[in-house]
1. Would you be able to tell me the number of residues in the range 155-168 that are buried (at least 23 other Cβ atoms within 10 Å of the Cβ) and either of a type in the set (K, R) or under 16 Å from T73 (Cα atoms) (or both)?
2. Taking P373 and the conditions (1) touching a strand residue (DSSP E or B) at 6+ places or on another chain (Cβ under 6 Å); (2) within 18 Å of I339 (Cβ to Cβ); (3) touching a residue at least 60 places away in the same chain (Cβ under 8 Å); (4) not β-branched (V, I, T), which numbered condition does it fall short on, given that it satisfies the others?
3. Report yes if F298 is under 28 Å from A387 (Cβ atoms), in contact with a Lys or Arg (Cβ under 7 Å, 6 or more places away or on another chain), buried (at least 17 other Cβ atoms within 10 Å of the Cβ) and aromatic (F, W, Y), otherwise no.
4. Identify, please: which residue in the range 424-475 is in a loop (DSSP other than H, G, I, E, B) and among the aliphatic types (A, V, I, L, M) and is, among those, farthest from F507 (Cα to Cα)?
5. From the list A513, A486, A519, A547, which one is small (G, A, S) and over 24 Å from Y426 (Cα atoms)?
6. Just the residues that are within 26 Å of A520 (Cβ to Cβ), over 28 Å from the mean Cα position of the chain (by Cα) and in the same structural domain as L472 (by TED's automatic domain parsing), please, taken from the range 404-429.
7. Out of (1) at pLDDT below 50; (2) out of contact with any His (no Cβ under 8 Å at 6 or more places or on another chain); (3) of a type outside the set (S, T, Y), the odd one out for A42 is which?
8. Tell me whether the range 326-333 contains one or more residues that are assigned by TED's automatic domain parsing to the domain that holds D427, surrounded by fewer than 21 Cβ atoms within 10 Å (Cβ to Cβ) and acidic (D, E).
Amino acid sequence: MARHGLHRLTRHPGPRRKAVVLGVAGATVVVGIAATTMPLLAADDLSIRATADTTATMVTQDGDNGAKTTLATCATRCDGNPRGGREAVVQFAVTTLPATAVNVRATLRVHAWQEFAATVSAHSSVVDARAARPTPALPGAALDTVSKVAKGFNEWDVSALVKGNGTWTVSLAQTGLETRIYWASTENRNPDLRPRLEISYDVGTRPTPVVTSAAPSPSRTVAPSPTPRPTPSTSPTRATPSPSASPSGGTDRCGAVSSRLVPSCGAWWGMYSPSSAGDGWDHGAAVAEVEAQVGRKFDIVHRYHDFSNAGSNGAFPDAYQRQQMREGRLMFFAWESRIFSSGTVLTWQDVYSGRYDATIDAVAGRIRDTGVPVFMGFDHEPEDEPAKGSDADFVRAWRHVHDRFAAAGADNAVWVWTMMGWSGHYDRYTGLYPGDRYVDWVGYDPYNFHVCNGSKVWKSPATTIGGFYRWLDENRLGVGKPRMLAEFGTNFDAADPDAKRRWFEEFPAALKAHPKIKAAIYFNSPGMTRRSSTCDMTMNHDASSVAGFARAGRDSYLRQPTGGAR
């Protein structure tokens, strides 16, 4: 719920009463009518102090934020630091609401000392408000927003969170200003400035239904009896994906996930975001920064790995991926038969000859030991790798890798066969397919390159993803397999600054029109094309693009209740 400026708590001027009188006559039987009417009594407002607060921060140098007299918020890029984001986290214990409280209205009030041209949103939070220096958690949907910070108390309507008695934690997230805003904390020496939760409510009583007899009787006032109301006792928590054991084709209820990671409804939303030497090869931050920009956690994180069996490139999953898995994300390991550091290209005969079996077995063991299903690919886009061998060589190498995983007990690997999906290779795809027994998902990589590849054609999302989708149907390749956009992307249109934003906003509808696609992963890198005044394939190259991508990610079709969108 968006607001401009401050939020004001609406207070009732005095008690409100409503009498219920039922007239009964003749042989009419009146059942349940009285039960639909609830007398209301206005109650005194509650003003609740915070039980704990802290500043969640991405800055490791921050001290004990749980003991400071101020809280801080800041955008992800903060005071020149590209990973300086901070969120104010405040916890309240609501214990005195009566069981008959209805129409509960809750307002968060937090004090700032200055005005700021910043947007600050309140979110439900799973962060421990007592922690010294917790990491910001991906916020859920905004409960309420102020578009400008006022000097003094600012207010957010958090009624959607505070349903009754319980422990409720709220975070404040900032955008629109890349410098810190300080707020009074529970440790501030002036108790009047400390965060408060203002609650107002009505007291409801439910009348007993009246059943009349055949004989007439005088009218009477119905005596009310209280109606209990559930009272939450804990803060909301975020669950990690727990795929259910069901056939690979999916399940019969929304929110379920098959053993082959197929969501029963909608599609997974994923991201490939590269790191570099400039950021210390921090693969975790590369994804977290994009998540902070778009306001949600991705269901799938996609990374490319080599055959070195060393470091983050080859000894995967690495520490970053293990942390991402613990936080509920699904991993997609795209394994390439080459050595990144030296530029060495392996042939598919090198792979199936047994020369790299020790490497294959080591990776299979680590995948097995994760104990959770993960997406696994081998040499994506092989039709663009002529130096590695023939199409038949690719199939033989794929099957060899797959069989060694099976022998190692790595049955949690979910195999994604990923092609370019280009019409110029349609005559090769049947020969590149390893067979239904070796493939769990069919993936392809569609792009709206526009002028990046010399074209002048702007392709809509439906056009971009539709060609190979139809070819698979018409040629009955991978029948019954879920499909994945293992990479997808779009350029911008220099003549139409909002074209890229609209492209992203149209994307969920295109997925719904192609329901066999159960996952879509954005390739957020300029590495495949050169950046220029007319070419940039990254989804966050400007604010308009980010806004469109964020809106796409909020579509219910891409918000799996078992994945990162929770």
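The values are calculated or read from the model by the stated rules, or taken from the named source; none is laboratory data. All figures in this text were calculated on a predicted structure; none of them were measured in a lab. Positions of Cβ are generated from backbone atoms using ideal geometry, with glycine treated the same way; all protein chains shown enter the neighbour counts.
1. The number of residues fulfilling the criteria is 1.
2. Only one criterion is unmet by P373, namely (2).
3. no
4. Out of the qualifying residues, it is V439.
5. Of the residues listed, the single one that is small (G, A, S) and over 24 Å from Y426 (Cα atoms) is A547.
6. W422, S423, G424, H425, Y426, R428, Y429, listed by residue number.
7. With respect to (1) at pLDDT below 50; (2) out of contact with any His (no Cβ under 8 Å at 6 or more places or on another chain); (3) of a type outside the set (S, T, Y), A42 is out only on (2).
8. If we filter the range 326-333 for residues that are assigned by TED's automatic domain parsing to the domain that holds D427, which is where we start, we get 326-333.
Now narrow it down to the ones that are surrounded by fewer than 21 Cβ atoms within 10 Å (Cβ to Cβ): 326-328.
Still in the list and also acidic (D, E): 327.
Checking the range 326-333: at least one residue is assigned by TED's automatic domain parsing to the domain that holds D427, surrounded by fewer than 21 Cβ atoms within 10 Å (Cβ to Cβ) and acidic (D, E).
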